[in-house]
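Participant: Please see the structure below; I have some questions.
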Amino acid sequence: MTIANLLLVDDEVPFVDAMTKRLTHRNFHVVAAYNGDQCLEQLEVHRDIEVVILDVKMPGMDGIEVLRQIKIKYPIIEVIMLTGHATVESAIDGMKLGAFDYLMKPCDMEQLVAKSSEAAARKRGQEEKIIEARLKAITSQRA
């Protein structure tokens, strides 16, 4: 049984490949992207993505800009920011923009698994609230 559907975004191909294998062995379904544009394209194709694990420092569109775009188009998808170059500024920016959490690379695998599971659970909870609100609106219109 799949724990969660993840999109792993990092410009370091060996890192993405290794993390994809490790997360897949822990029952996550992982889709890979190697830059910000690919991330946004994958979200269009894979509508079941629950959590994006996103590198902050990437050539082209950086992680903060990608996070901004995700939250505009897909506000309930959770995003975990990953960086090997943590600065207080980028962490604050990411959290202000709605990142679920911010982890340092290399991150502890068990911590990443736990955070990804928490983030997926939070997204599912938000989806349930939206469905409940829609059902309530429909039933109140009929009354």
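Participant: Return the residues of region 43-68 that are of a type outside the set (D, E, K, R) and more than 12 Å from the chain's Cα centre (by Cα); say none if nothing qualifies.
Facilitator: VAL45, HIS46, VAL56, MET58, PRO59, GLY60, MET61, ILE64
Participant: Here is a further query. Give me the residue from region 31-65 that is surrounded by 17 or more Cβ atoms within 10 Å (Cβ to Cβ), among the β-branched types (Val, Ile, Thr) and out of contact with any Cys (no Cβ under 9 Å at 6 or more places or on another chain) and, out of that set, farthest from VAL16 (Cα to Cα).
Facilitator: So the residue we want is ILE64.
Participant: Next question, about the same structure. Which residues, counting only those in region 90-114, are acidic (Asp, Glu) and surrounded by 14 or more Cβ atoms within 10 Å (Cβ to Cβ)?
Facilitator: Listed by number, the residues that qualify are ASP93, ASP101.
Participant: Specify which of the listed residues (ARG122, ARG134) is assigned to a helix (DSSP H, G or I), surrounded by 14 or more Cβ atoms within 10 Å (Cβ to Cβ) and either within 14 Å of the chain's Cα centre (by Cα) or at pLDDT below 95 (or both).
Facilitator: Answer to the selection: ARG122.
Participant: Is it the case, given these coordinates, that ILE72 is within 16 Å of the chain's Cα centre (by Cα), at negative phi and touching a residue at least 24 places away in the same chain (Cβ under 8 Å)?
Facilitator: When the stated conditions are applied, ILE72 does not pass them.
The values are calculated or read from the model by the stated rules, or taken from the named source; none is laboratory data. If you're wondering where the values come from, they're calculated on a predicted model, not measured in any experiment. Positions of Cβ are backbone-derived with ideal geometry, glycine not excepted, and every protein chain shown enters the neighbour counts.
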